[in-house]
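Enquirer: Next up is a structure, given as structure tokens.
The values are calculated or read from the model by the stated rules, or taken from the named source; none is laboratory data. Keep in mind that this is a model prediction, so the values were computed, not measured. A quick note on method: Cβ atoms are made from the backbone with ideal geometry, for glycine too, and the neighbour counts reach across all protein chains shown. Accessible surface areas use protein heavy atoms only, side chains included; no ligands, DNA or RNA. Shrake-Rupley method; radii C 1.70, N 1.55, O 1.52, S 1.80 Å.
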Amino acid sequence: MVQNYMSKFVTPEVAAKAVRSGDWVDYGFGAGFPELMDRALAARKEELKDVKIRGGLVIRPRIEVVERDPEQSAFTYYSWHIGDYERKLQSRGLVKFLPMMLRALPELYRSYIRVDVAFVPVSKPDGDGYCGLGISNYAWRTIFENARTVIFEINERLPKLQGVNGSHRVHLSEATYVVEGVHEPLPLRTYKDPSPVDIQIARNVVAEIPDGAVLGLGVGGVPFTVAKMLAESDLKDLGCWTGTISDAFLAIHKAGKLTNARKEVDAGYSTWNLAMGSQELYDWLENEPELFYPGDVDHVHSPERMGKMSNFISINGGVQLDLMGQENAESAGSRQLSGIGGQMDFLEGAFRSRGGRGYICINSSRRDKEGNLRSNIVPTIPGGSTISVPRTMVECVATEYGVAHLHGLSLGERAAAMAAIAHPDFREEL
């Protein structure tokens, strides 16, 4: 069957000629990255003008179109969500941030924004010409169905799972061109050992999680610590419905607790949109594909679907919260640190769920560059900083000093609850 599509197979250099001056090109999101096409497009620097490239949450160490064109004479790079490497680019003025709420992204592509060329990383095809979307389902189907030119980049290192009923599957017939070649190892995301503060925050949250809970865990130290504690706990029949599946869920699985048995939606499967973590995580996806429902943003980030499940627990981090419960999850003043991603989606999903809860986990304080202690709970979010989540959507705030439950409280009661979990040095002032 693959032989029927051999006419679509070209070199990356030939495929890159599909990009025209003035085009919008999509690279995708997360740890999946079209490295062959990125290099081939960068090599056309002298031939092109005003090519705009969208990506996001990049954790690999280099984007060729950016590094080879720091003058931005041919290429301008835009990010939906600033990742570790993109943060370094930002300090050099080489990335433009695009604010968005992840569940709205497919509709943006359907109705509001243009995509001319899509570089789609896919796994090796099976005998019938079907490929998996590897570790980044993202909104790829929506994007390439609205693109002029679709280029599949076969990455031999990607896990080959194709999802439930084709939820993670594409076919060679859907591509304009197909390229292949040798790839670098998949980018890895690791975690530092948790601090005593991380451990106490996690302990406060785990105390409120019931048997059979369905977990949406953000990427970071506290969610990972929560997962390790859950793996060591007496809880059972936990489930996974998350934007990014990580080693946190692998730890719960290895403890025999990730059964997904009580999920009312996708029962028996761990549901996710992106995968990001260790090689062991990627091997797990490759070797046990029957355990997973990898789905697109429309499926995974739907608050309506999350709301149909009982005891859906969303756990994410933040930067600052004020006494009303407003959260800044993504900036330091006007400097963009990350993005909101799916946080709003999962907070609303937890609110809709019977027995569900959404937690924002944050250290009560931090040290500034001069070594002074500063509170992360503030009277009001400072001017220039982002309000990522409004006060009406923040339900539970966890610090090392406890959990504030804000729904149904007046402004004065919210302020008292927030001050009670602040660092003791700042409580009286707050």
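Enquirer: Kindly provide the set of residues from segment 1-17 that are closer than 20 Å to ASP126 by Cα, among the hydrophobic types (A, V, I, L, M, F, W, C), open to solvent by less than 70 Å² (accessible area, probe 1.4 Å) and part of a helix (DSSP H, G or I), ordered by number.
Expert: Result: VAL2, single match.
Enquirer: So how many residues does segment 99-133 have that are in a loop (DSSP other than H, G, I, E, B) and closer than 19 Å to GLY32 by Cα?
Expert: 5
Enquirer: Going by what's in this entry, would TYR27 be described as of a type in the set (Phe, Trp, Tyr) and out of contact with any strand residue (DSSP E or B) (no Cβ under 6 Å at 6 or more places or on another chain)?
Expert: So TYR27 does not fit the description; no.
Enquirer: Out of segment 135-166, which residues are part of a loop (DSSP other than H, G, I, E, B) and in contact with a strand residue (DSSP E or B) (Cβ under 6 Å, 6 or more places away or on another chain)?
Expert: ILE135, ASN137, ALA147, ASN155, LYS160, LEU161, GLN162, GLY163
Enquirer: Please find, within segment 191-202, the residue that is nearest to ARG354 (Cα to Cα) out of those that are open to solvent by 40 Å² or more (accessible area, probe 1.4 Å) and either of a type in the set (Val, Ile, Thr) or touching a Pro at 6+ places or on another chain (Cβ under 7 Å) (or both).
Expert: So, considering only residues that are open to solvent by 40 Å² or more (accessible area, probe 1.4 Å) and either of a type in the set (Val, Ile, Thr) or touching a Pro at 6+ places or on another chain (Cβ under 7 Å) (or both), the one nearest to ARG354 (Cα to Cα) is ILE199.
Enquirer: Then there is this: Can you find a residue in segment 208-219 that is buried (at least 19 other Cβ atoms within 10 Å of the Cβ), assigned to a helix (DSSP H, G or I) and in contact (Cβ under 8 Å) with a residue 12 or more places away in the chain?
Expert: No, segment 208-219 contains no residue that is buried (at least 19 other Cβ atoms within 10 Å of the Cβ), assigned to a helix (DSSP H, G or I) and in contact (Cβ under 8 Å) with a residue 12 or more places away in the chain.
Enquirer: On the given criteria, is VAL205 in contact with a strand residue (DSSP E or B) (Cβ under 8 Å, 6 or more places away or on another chain), open to solvent by less than 60 Å² (accessible area, probe 1.4 Å) and under 22 Å from VAL2 (Cβ atoms)?
Expert: no
Enquirer: Identify, by number, the condition in (1) in contact (Cβ under 8 Å) with a residue 12 or more places away in the chain; (2) open to solvent by 30 Å² or more (accessible area, probe 1.4 Å) that SER246 doesn't meet.
Expert: Against the list (1) in contact (Cβ under 8 Å) with a residue 12 or more places away in the chain; (2) open to solvent by 30 Å² or more (accessible area, probe 1.4 Å), SER246 comes up short only on (2).
Enquirer: Report, by residue number, each residue of segment 18-49 that is open to solvent by 10 Å² or more (accessible area, probe 1.4 Å) and within 20 Å of SER173 (Cα to Cα).
Expert: Hit for segment 18-49 is ALA18, nothing else.
Enquirer: Please name all residue pairs, on different chains or six or more residues apart, with Cβ atoms under 8 Å, provided the first residue is in segment 111-135 and is under 23 Å from TYR293 (Cβ atoms) and the second residue is among the basic types (Lys, Arg) and not in a loop (DSSP other than H, G, I, E, B).
Expert: So the pair list comes out as TYR130/ARG169; CYS131/ARG169; GLY132/ARG169; LEU133/ARG169.
Enquirer: Additional query: In segment 42-97, how many are assigned to a helix (DSSP H, G or I) and free of Cβ contacts under 8 Å to residues at least 40 places away in the same chain?
Expert: Qualifying residue count, segment 42-97: 14.
Enquirer: Say we look at segment 121-153 and pick out the residues that are open to solvent by 20 Å² or more (accessible area, probe 1.4 Å) and touching a Lys or Arg at 6+ places or on another chain (Cβ under 7 Å); which of these is farthest from MET276 (Cα to Cα)?
Expert: Here the answer is ASN146.
Enquirer: Please go through segment 231-243 and pick out each residue that is in contact with a Lys or Arg (Cβ under 9 Å, 6 or more places away or on another chain) and surrounded by fewer than 24 Cβ atoms within 10 Å (Cβ to Cβ).
Expert: Scanning segment 231-243 gives ALA231, SER233, LEU235, LYS236, ASP237.
Enquirer: Here's another thing I want to ask about it. Could you tell me which residue of segment 288-321 is nearest to ARG366 (Cα to Cα), considering only residues that are among the aliphatic types (A, V, I, L, M) and assigned to a loop (DSSP other than H, G, I, E, B)?
Expert: Step by step, filter segment 288-321, then rank; the result is VAL319.
Enquirer: Please enumerate the residues belonging to segment 72-120 that are among the charged types (D, E, K, R), open to solvent by 20 Å² or more (accessible area, probe 1.4 Å) and modelled with pLDDT under 95.
Expert: Selection gives ASP84, ARG87, LYS88, ARG92.
Enquirer: Find the strands (runs of 3 or more DSSP E) located wholly in segment 322-430 whose residues include 1 or more that are open to solvent by 30 Å² or more (accessible area, probe 1.4 Å), and list them.
Expert: Those strands (runs of 3 or more DSSP E) span 357-361, 365-367, 373-375, 402-405.
Enquirer: A further question follows. With the condition kept exactly as written, say whether any residue in segment 174-190 is aromatic (Phe, Trp, Tyr), in a helix (DSSP H, G or I) and crowded, with 20+ Cβ neighbours inside 10 Å.
Expert: No, there is no match, as no residue in segment 174-190 is aromatic (Phe, Trp, Tyr), in a helix (DSSP H, G or I) and crowded, with 20+ Cβ neighbours inside 10 Å.
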